[in-house]
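I have placed the structure first, in the form of structure tokens, so that the comments after it can refer back to it.
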Amino acid sequence: MTRRGRILLAIAALLTIAALILPLWTVRLVAPQYPEGLGLAIRTSTVVGLKPGDLLSINELNHYIGMRVIVPNAIPELAWMPKIVAFLAAILLIAAAFGSRRLAAAWCVLAVALAAAGIWDFHRWEYDYGHNLDMANAIIVIPGMSYQPPLLGSKQLLNFTATSWPASGTLALGGAMILVALAAADRKRTSRRPVPIVPAVPHLAGTPA
């Protein structure tokens with residue numbers, strides 16, 4: 001691997017480390033009674049409000065419709081996700097140190113598989129969170145109504161408009177994947193030597209076929 005490829009891997013490792021701190025996903029709720037909006041930022045290790053008090057306000061609203069309270073410490077994915085991201089960053093640092101194209105290529109495959117699994121798990125969590133309601137204690141009960149937030153884009157949930165998009169941490173991981181793919185494809189260019197021209201043999205020039 002060239003020096004350029006190793007630098008790309010090192011930058012990708014830094015982006016992966018940044019994803020440990022930056023939010024991966026954001027969910028925003030806007031309604032007439034909350035024109036400034038409420039929101040959640042999902043990080044690798046926790047879920048926090050976009051503003052102070054947002055998580056508490058959302059949990060209080062969820063109580064009215066029977067949704068469970070969001071308790072970050074009770075979400076198992078948040079316990080092992082930082083370890084996975086840190087493991088990915090460590091692999092990149094090793095690949096950069098040894099200039100291993102094979103390790104970089106293997107990282108790409110692993111990262112794509114983990115990203116797909118993470119998105120599927122997030123969708124599954126949203127479905128469970130929005131469909132399995134405590135109807136016995138809900139104050140607002142609308143038969144057939146579910147409150148699953150959108151995975152991507154916007155969705156109307158009663159008088160709230162819920163919007164969900166990837167955040168800076170996911171963009172950092174996406175950038176890291178692009179850089180690693182470029183590094184894995186990086187090769188030293190070999191110069192093509194011109195084919196030597198074999199001079200004609202004088203004594204064969206007049207030889208009949």
With a 1.4 Å probe and all protein chains left in place, how much of the accessible area of the chain comes from carbon and sulfur atoms, in whole percent?
68
Over the chain: helical MRE at 222 nm, DSSP H runs n ≥ 4 each giving -39500 (n - 2.57), nearest 500
-16000 deg cm²/dmol
What's the local net charge at Ala10, with K and R +1, D and E -1, over the other residues with C-beta under 15 Å away?
+3
Hey, if you put +1 on the Cβ of every Lys and Arg and -1 on every Asp and Glu Cβ in the chain, which of Leu182, Tyr147, Ala116 ends up farthest toward the positive end of that dipole?
Leu182
Among the DSSP H helices of the chain, those whose Cα atoms extend at least 15 Å along the helix axis and whose mean Kyte-Doolittle hydropathy is 1.0 or higher are 3-18, 77-98, 168-184
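Which whole-number percentage describes the relative contact order of the chain, with Cα contacts under 8 Å and a sequence gap of 6 or more?
34 percent.
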What accessible area per residue comes out for the chain, rounded to a whole number of Å², with a 1.4 Å probe?
61
Magnitude of the charge dipole, the chain, Cβ model with Lys/Arg +1 and Asp/Glu -1, debye to 20:
1540
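The values are calculated or read from the model by the stated rules, or taken from the named source; none is laboratory data. The shown structure was predicted, so the numbers you read here are calculated from the model rather than taken from an experiment. Every residue, glycine among them, receives a Cβ derived from its backbone with ideal geometry; neighbour counts consider all protein chains shown. Surface areas here come from the heavy atoms of the whole protein model, side chains and all, with no ligands, DNA or RNA. Shrake-Rupley method; radii C 1.70, N 1.55, O 1.52, S 1.80 Å.
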